[in-house]
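All remarks here apply to the structure that follows.
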């Protein structure tokens with residue numbers, strides 16, 4: 001790799017950000033009633049587990065956590081590139097009337113979030129959907145914004161932001177590649 | 001990352017182990033869609049699929065139609081009784097006429113082995129084989145593999161007995177291709193008039209002299225339908241005698257592993273290939289096969305749409 005890499009956040013920093021997001025979610029929603037977390041595969045699903053863990057530490061009691069794979073809802077499926085492998089959507093609870101916290105690692109164009117919201121709607125009618133992301137790097141192409149942000153990182157479109165995870169799906173660091 | 005680069009799926013022979021595993025894994029992940037309240041995803045919105053069935057079919061045609069609809073494609077069915085084939089139109093002409101209506105995928109069943117390769121060379125849309133003569137039936141092969149994987153979690157190292165009319169069975173051929181590529185051992189048994197010579201050359205395939213030999217310690221017992229429409233009258237004396245030597249019953253199933261899976265591609269001739277108690281018993285996976293058929297066909301439609309022209 002010749003690309004220049006800068007570490008934006010380390011493991012401890014990510015954990016502090018997730019803890020703060022957990023507090024903000026609880027504050028905004030006045031507790032855990034009707035809250036469910038749904039992470040977008042793959043990074044967002046791992047982070048959703050981390051936020052859920054923090055919430056249960058703070059409030060006691062577990063919040064339901066699901067994972068959504070957006071492959072079948074992508075807006076770039078009509079091309080003739082090989083289609084992406086399809087991951088498993090795993091939402092083992094009803095979304096009807098719930099406050100869904102959608103979790104992703106990096107918010108960029110907003111297209112992934114659009115796809116994820118369409119997927120969630122096919123599972124029922126949530127009371128609301130709120131968006132939590134670890135990194136917001138800008139360059140939105142759709143009218144979408146996050147409710148909870150770990151860190152805002154101004155980037156150029158040539159750069160790439162990656163959240164790295166270890167073998168047990170714990171976040172290690174956030175890397176900016178130039 | 002695995003990529004599926006084929007524009008057509010005509011035979012499992014043409015696919016690699018990785019291709020087959022990718023299709024199975026996609027089917028596993030798509031399967032939940034069929035159990036939701038809203039059984040539809042927008043993936044193939046705007047695509048048109050023509051189901052062109054020159055031979056009778058209930059399961060496969062319905063399954064392909066549902067699969068297409070669950071992916072939001074528009075599906076059109078054409079059956080021989082109401083197509084121009086009855087007025088003497090050739091396959092190539094029918095296909096070119098259909099192509100003029102800009103389908104993205106043609107799913108075809110045809111009595112002539114290899115007719116799909118002929119079409120694939122002529123047309124620029126994707127071709128999926130829903131059964132061609134005595135050649136292959138890849139969607140059935142894939143759904144059988146998925147069903148075995150559901151039960152055992154793997155295909156590697158399984159002993160699979162396939163019993164019946166191997167010669168005329170496209171299901172057997174697709175299963176042999178798929179199973180041997182994924183590491184299973186295949187044991188074939190059937191009347192000598194119904195076992196093609198040289199079939200051992202396809203891979204880890206053993207031709208058994210008796211049905212009992214094939215059943216011994218099998219993890220999976222796959223019974224094939226006697227295809228009276230395809231074979232001449234000389235291949236077997238009568239159904240009763242066939243059933244005595246090559247029918248599955250509560251006695252000979254005991255030779256297989258305890259609780260071995262019993263599979264059949266359907267339609268079943270009850271009392272010929274297997275007794276009703278076997279079809280409806282606890283060991284039967286026949287309806288699970290049908291259920292898996294929809295997910296497997298969704299996976300096939302999804303991946304050929306992303307394939308490249310070869």
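Taken together, the values in this text are just the output of simple stated rules run on the coordinates, not laboratory data. Treat the numbers as computed from the prediction; the structure is a model and nothing was measured. Note: ideal-geometry Cβ built from the backbone for every residue, glycine included; neighbour counts use all protein chains shown.
In a Gaussian network model over chain A where Cα atoms closer than 10 Å are linked, find which of A:166, A:104, A:118 has the largest mean-square fluctuation.
It is A:166.
How many percent of DSSP beta bridges within the protein assembly as shown run antiparallel, rounded to 5? Intermediate results must be reported in sequence, preceding the final value.
Numbers: 13 of 69 bridges.
Of those bridges, close to 20 percent are antiparallel.
Would you please report the Å³ per residue occupied by the convex hull of the alpha carbon atoms in region A:83-178? All intermediate terms of the calculation are to be shown ahead of the outcome.
Numbers: hull volume 13.2 nm³, N = 96.
Measuring per residue, one finds 138 Å³ for the Cα hull of region A:83-178.
Average partner chain C-beta neighbours within 10 Å, per residue of A:67-76?
3
Relative contact order (percent) for chain B, with alpha-carbon contacts under 8 angstrom and 6 or more residues of separation?
Values: 608 pairs, mean separation 69.1, N = 310.
Rounded, it is 22 percent for chain B.
Roughly how compact is region B:57-112, stated as its Cα Rg over 2.2 N^0.38 Å to two decimals?
On the way: Rg = 12.1 Å, N = 56, 2.2 N^0.38 = 10.2 Å.
Dividing the Cα Rg of region B:57-112 by 2.2 N^0.38 Å gives 1.19.
Take the protein assembly as shown, drop everything but the C-alpha atoms, weight them equally and run the Debye formula without solvent; then report log10 I(q)/I(0) at 0.08, 0.11, 0.13 Å⁻¹ to two decimals.
Rounded to two decimals, the profile gives -0.59, -0.95, -1.15.
In Å, what Rg and Dmax follow from the Cα atoms of region B:114-216?
In order Rg, Dmax, the Cα atoms of region B:114-216 give 14.6, 48 Å.
In deg cm²/dmol, rounded to 500, what helix-only [θ] at 222 nm does chain B give when every DSSP H run of at least 4 residues adds -39500 (n - 2.57) and the total is split over its residues? Don't skip to the end; give the middle numbers.
Numbers: 10 runs with 107 residues, N = 310.
Theoretical 222 nm ellipticity from helices: -10500 deg cm²/dmol.
Whole Å is fine, so just give me how far the alpha carbon centre of region B:250-310 lies from that of region B:157-216.
Centre-to-centre distance over Cα atoms comes out at 16 Å.
Dividing the alpha-carbon radius of gyration of chain B by 2.2 N^0.38 Å (N being the number of residues), what value is obtained? Each step should come with its number before you reach the end.
Working: Rg = 19.0 Å, N = 310, 2.2 N^0.38 = 19.5 Å.
This ratio for chain B stands at 0.98.
Hey, how much of the P(r) for region A:1-47 falls beyond 12 Å, as a percent of Cα pairs? Provide the component values of the computation, followed by the final result.
Numbers: 798 of 1081 pairs.
It works out to 74 percent of all Cα pairs.
If you project the alpha carbons of region B:50-175 onto the principal axes, what extent comes out on each, in Å, largest first?
47, 35, 26
Please give the average number of partner chain Cβ atoms lying within 10 Å of the Cβ of each residue in B:33-43, rounded to a whole number. Walk me through the intermediate numbers first.
On the way: counts 3, 0, 0, 5, 5, 4, 1, 2, 8, 9, 8.
That works out to 4 on average.
Tell me, what are the semi-axes, in whole angstrom and largest first, of the equivalent ellipsoid of chain A as set by the roots of 5 times the Cα gyration tensor eigenvalues?
Working: eigenvalues 121, 91, 42 Å².
For chain A, the semi-axes come out at 25, 21, 14 Å.
Can you give the relative contact order of region B:138-289 as a percent, counting alpha carbon pairs under 8 Å and 6+ residues apart? Spell out each step's value before the answer.
Values: 280 pairs, mean separation 36.9, N = 152.
The value is 24 percent.
On average over all directions, what projected area in square nanometres does region A:22-105 have, based on the convex hull of its Cα atoms? Please list the in-between numbers first.
On the way: hull surface 24.6 nm².
It is 6.2 nm².
Mind checking which of B:102, B:201, B:149 has the largest fluctuation in a GNM of chain B, springs on alpha carbons under 10 Å?
In this elastic network of chain B, the residue with the biggest mean-square fluctuation among B:102, B:201, B:149 is B:201.
Whole number please: convex hull volume per residue of the Cα set in region B:207-310, in Å³? Each step should come with its number before you reach the end.
Working: hull volume 16.7 nm³, N = 104.
Enclosed volume per residue, from the Cα hull, is 160 Å³.
Taking only Cα atoms and a 10 Å spring cutoff, compute GNM fluctuations for chain B and point out the largest among B:134, B:92, B:295.
B:92
Quick check: convex hull over the Cα atoms of region B:168-243, volume per residue in Å³, rounded to an integer?
On the way: hull volume 7.2 nm³, N = 76.
Cα convex hull per residue, to the nearest whole number: 94 Å³.
Note down the nm distance, to one decimal, between modelled labels 7 Å out along Cα→Cβ at residue B:17 and at residue B:209.
Taking the two extended label points, one gets 3.3 nm.
Using a Debye calculation, one point per C-alpha and no hydration shell, please list log10 I(q)/I(0) for region B:138-289 at q = 0.11, 0.20 Å⁻¹ in order.
-0.35, -1.31
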